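Input: a single structure, listed below in structure tokens.
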Amino acid sequence: MSDSVIAERSSDGERKGRKASREVRRQQLIDATIDSLARRGYAETTLANVADGAGLSRGIVNFHFESKEKLLVATLQFMAEEYAAHWRGALDKAGDDPAGQLWALCAADFDRAICNRRKLAAWCAFWGEAKSRPTYQALCGGRDQAYHDVMVDICTRLKAQGRYPIDPQAIALAVNALLEGLWLRLMLAADDVSRESAFASAAELLAALFPGHFTRGADGTVSRA
């Protein structure tokens, strides 16, 4: 192998290493931002405490994000993309049956990977700012609409299968609102509500709305029919 080829491959390796390092640093800072939002809230989160939490210098934060607002937007985008990938993955695994899909979507919302005190607190911090920050609304609005559209489609197919006298649009909105509300209860009343009891509450609603597809067993727990 010639010296020029070796040098070229070495240069490519260095570039890939620098790119990987940049991605690792950005993720470290995003993770530290989530931690800070969970501990301190939105207003008290600063570039300095994010840098300290990540074990990096303030200069590194400025290099990657330039400002607190850009760092927060990147953090919200990461969380929104993570959430979307999570529910889409659950939907794909559920197959074509609408009851299975609805069950999978509700269960996915209480998976520890995305439903934990740290991330719930960070979501609440962003929710508190969304009304006055159009960027946050625009960032999540399209994904929220995609989720709602999927839920409407599932409810429409369940209505046809079970001949339920329901409005799929209204039912999809109700299910979405319940899931969001249960997340809030998990954040505000963590001692009284668990991920398991929250999912059990969601399952109760499914059984009430679609009794031909979800049933209550002898032990009182709800399952797919």
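Coordinate-derived values only; no laboratory data. Being a predicted model, the structure only gives us computed values, none of them experimental. Every residue, glycine among them, receives a Cβ derived from its backbone with ideal geometry; neighbour counts consider all protein chains shown.
Restricting the range 98-142 to trypsin sites (Lys or Arg not before Pro) that sit in a DSSP loop and have at most 15 other Cβ atoms within 10 Å of their own Cβ leaves R112, K131. Extending 7 Å from the Cα toward the beta-carbon at both H148 and L173 defines two label points whose distance is 0.8 nm. Between the labelled values (i) 40, 23, 16; (ii) 29, 21, 16; (iii) 32, 25, 15, the entry that holds semi-axes √(5λ) of the Cα gyration tensor in Å as derived from this structure is (i).
Here the gap between R117 and H86, fully extended at 0.36 nm per residue and compared with their Cα-Cα distance, gives a gain of 9.4 nm.
Simple point charges give the picture: +1 on the Cβ of Lys and Arg, -1 on the Cβ of Asp and Glu, and for the range 29-97 a dipole about the Cα centre of about 320 debye. Each label was represented as a point 7 Å from its Cα along the Cα-to-Cβ direction; for S21 and S194 these points are 4.6 nm apart. For L184 and Y42, the difference between the fully extended length at 0.36 nm per residue and the C-alpha to C-alpha distance is 49.5 nm.
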